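S.K.: For reference, the structure I am asking about is given below.
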Amino acid sequence: MQDTADEIIRVLIVDDHAETLENIRKLLQFEPDIEVVGAARSGQEALEMARETEPDVVIMDINMPDMDGIAATEAIKRDVRFAQIVILSVQSEADYLRRAMRAGASDFISKPPSGDELISAIRSLAVEAKRAKDEQKILEGTGPLPPLIGRERFGPEGKLIAVYSAKGGVGCTIIATNLAVGLDTADTPAVLVDTALQFGDVAVSLNLQSKNSFVDLATRIDELDVEIVEEVLLQHDSGLRVLAAPPRPEMADEINADQVRKVLEYLKQHFAYVVVDSGSTMDDITLTVLDLADLMVSVATPEIPSIKDARLLFDLLSVLEFPRENTIFVLNKMDRRSGITAAAIAENLKCTVDGEIPFDERTVTTSVNRGIPLLIADKGQPAAKGILEVLGAVKQRLVERTEEGIEEGEVERPRLFSRS
Ligand SMILES: Nc1ncnc2c1ncn2[C@@H]1O[C@H](COP(=O)(O)OP(=O)(O)OP(=O)(O)O)[C@@H](O)[C@H]1O
Ligand SMILES: [Mg+2]
């Protein structure tokens, strides 16, 4: 618990019901480290109060008369960047939640909140707010310069998201690239890793030409440090860091699964998100990736062979005891003309479809050829909107899984295969 004056957590409460405001205020009133600095009855008022009071944490209702909680979240994040927003919601608002996460919310709690739940969320978000504040000072030149990548900046271990399909050509690279771009922020730096070691095309699809690759880390595996990693990672114009596959397929032979494990473990210590494009073979390298993955994004297209492979993959994952809840299922290249709907695929595979990306050859090809991910080139295109939906689902699932992990006391799941 924090107890010094400058570690008091400043909280702003936003809800159009006076009664809810009062209840929340009461829940917080006996916490010595929490100070309610304002209570707003509308989105607009929340924005004005946030600018004035610079809260660490904002407790935000969704449905409000003028500016709703999502628009208010977006506006507050723009003006008071370090403020962490926790959405209060009722269960039926899943779609709103997704949009809120996209707007920049960090957490959500169902209504009515319990005191314990709210207080523990506030305390953990305050840690984030402090980190973001320090980072802001650094950017403004008033703080010490941190290493570009460094453990102390990111607190808990980063989340590894593996994008995989047993079938090639379904869009894993495009999805992994865009997810990494979407997750990569100053607060939550991401690294995109290409473990399709033989023919990986992450670097080329981002128009990155350096020869630095996975091999340069694998061959120095026992001496990894920030300088070495920094030197080998490529950087896209967006700021995203990339660990590329080797420039020539035969060089993949120089890399083994144990080295892949060590590199990924190292990156998890230094980045908030490690997004892995895992290629489409199920070998010991992919198993290592899955073993370390917090979430797997499984991709399929609306074609019978791809759906068949998705089914085989789900069967395999269950044999490997990879938790089903850690899988996000995405359909790419959706096209009404194919005659296969998402509902039919969901029914066939007995799973939910967490995101659909439409077929849009011109937009996707232009994006790849220019090396500019869709989320940067044009967020308004239907394909980019589909990817944003997947991004929302990924963030939401990570939050849910983290919360469940905390409740369950972080039970470590069994390793997919043991190290020899
Ligand atoms: N939504 C889409 N609409 C149209 N074309 C797409 C879409 N998504 C991907 N493509 C195209 O499909 C091809 C494969 O995409 P991508 O390289 O991302 O797939 P992959 O699963 O990584 O393939 P590989 O097995 O070769 O690594 C590319 O030519 C890409 O332009
Ligand atoms: Mg690929």
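The values are calculated or read from the model by the stated rules, or taken from the named source; none is laboratory data. These figures come from a predicted structure and were not determined experimentally. Every residue, glycine among them, receives a Cβ derived from its backbone with ideal geometry; neighbour counts consider all protein chains shown.
S.K.: Kindly indicate the residue of region 267-294 that is touching a helix residue (DSSP H, G or I) at 6+ places or on another chain (Cβ under 9 Å) and farther than 19 Å from ALA180 by Cα and also surrounded by the most Cβ atoms within 10 Å (Cβ to Cβ) among those meeting that condition.
M.R.: THR288
S.K.: Also: Out of the residues in region 73-117 meeting the condition of being part of a strand (DSSP E or B), aliphatic (A, V, I, L, M) and in contact with a helix residue (DSSP H, G or I) (Cβ under 7 Å, 6 or more places away or on another chain), tell me which one is surrounded by the fewest Cβ atoms within 10 Å (Cβ to Cβ). Step through it out loud before you land on a result.
M.R.: Narrowing region 73-117 to residues part of a strand (DSSP E or B): 84-89, 107-110.
Within this subset, residues satisfying the condition of being aliphatic (A, V, I, L, M) are 85-88, 109.
Next, from what is left, pick out any that are in contact with a helix residue (DSSP H, G or I) (Cβ under 7 Å, 6 or more places away or on another chain): 85-87, 109.
Values: ILE85: 29, VAL86: 23, ILE87: 27, ILE109: 18.
Out of the qualifying residues, it is ILE109.
S.K.: Separate question: Could you check region 159-275 for strands (runs of 3 or more DSSP E) lying wholly inside it with 1 or more residues that are in contact with a His (Cβ under 7 Å, 6 or more places away or on another chain)?
M.R.: Numbers: elements: 159-164, 190-194, 241-243.
The strands (runs of 3 or more DSSP E) meeting that bar are 241-243.
S.K.: Determine whether ASP315 is without any contact (Cβ under 8 Å) to a residue 40 or more places away in the chain, in the same structural domain as PHE214 (by TED's automatic domain parsing) and within 16 Å of ligand 2 (Cβ to nearest atom). Give the derivation first.
M.R.: Values: without any contact (Cβ under 8 Å) to a residue 40 or more places away in the chain: yes; in the same structural domain as PHE214 (by TED's automatic domain parsing): yes; within 16 Å of ligand 2 (Cβ to nearest atom): no.
No.
S.K.: Could you list, in sequence order, all residues of region 295-325 that are surrounded by 14 or more Cβ atoms within 10 Å (Cβ to Cβ), at pLDDT below 95 and among the β-branched types (Val, Ile, Thr)?
M.R.: Once the filter is applied, which keeps residues that are surrounded by 14 or more Cβ atoms within 10 Å (Cβ to Cβ), at pLDDT below 95 and among the β-branched types (Val, Ile, Thr), region 295-325 yields nothing.
Here's the yes/no breakdown for (1) charged (D, E, K, R); (2) modelled with pLDDT of 95 or more:
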position	(1), (2)
SER238	no, no
VAL242	no, yes
ASP253	yes, no
ASN256	no, yes
ARG261	yes, yes
HIS270	no, no
VAL274	no, yes
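S.K.: Here's a follow-up. Given ASP277, ASP258, ASP284, ASP291, which one is in the same structural domain as ALA343 (by TED's automatic domain parsing), closer than 19 Å to ASP201 by Cβ and not aliphatic (A, V, I, L, M)? Explain how you work it out, then say what you get.
M.R.: Working: ASP258 fails: closer than 19 Å to ASP201 by Cβ; ASP284 fails: closer than 19 Å to ASP201 by Cβ; ASP291 fails: closer than 19 Å to ASP201 by Cβ.
Of ASP277, ASP258, ASP284, ASP291, the one residue that is in the same structural domain as ALA343 (by TED's automatic domain parsing), closer than 19 Å to ASP201 by Cβ and not aliphatic (A, V, I, L, M) is ASP277.
S.K.: Across region 151-210, what is the number of residues that are within 16 Å of ligand 2 (Cβ to nearest atom) and either more than 13 Å from the chain's Cα centre (by Cα) or surrounded by fewer than 17 Cβ atoms within 10 Å (Cβ to Cβ) (or both)?
M.R.: Within region 151-210, residues that are within 16 Å of ligand 2 (Cβ to nearest atom) and either more than 13 Å from the chain's Cα centre (by Cα) or surrounded by fewer than 17 Cβ atoms within 10 Å (Cβ to Cβ) (or both) number 27.
S.K.: Please tell me if VAL390 is part of a helix (DSSP H, G or I), under 25 Å from LEU313 (Cα atoms) and modelled with pLDDT under 90. Break it down into steps so the answer makes sense when it comes.
M.R.: Values: part of a helix (DSSP H, G or I): yes; under 25 Å from LEU313 (Cα atoms): yes; modelled with pLDDT under 90: no.
Taking the combined requirement at face value, the residue does not satisfy it.
S.K.: More than 16 Å from ligand 2 (Cβ to nearest atom), crowded, with 20+ Cβ neighbours inside 10 Å, more than 21 Å from LEU290 (Cα to Cα) and over 14 Å from the mean Cα position of the chain (by Cα): is that true of VAL229 in this structure? It would help to see each step written out before you state the result.
M.R.: Values: more than 16 Å from ligand 2 (Cβ to nearest atom): yes; crowded, with 20+ Cβ neighbours inside 10 Å: yes; more than 21 Å from LEU290 (Cα to Cα): yes; over 14 Å from the mean Cα position of the chain (by Cα): yes.
Considered against the rule, which asks whether it is more than 16 Å from ligand 2 (Cβ to nearest atom), crowded, with 20+ Cβ neighbours inside 10 Å, more than 21 Å from LEU290 (Cα to Cα) and over 14 Å from the mean Cα position of the chain (by Cα), VAL229 comes out as yes.
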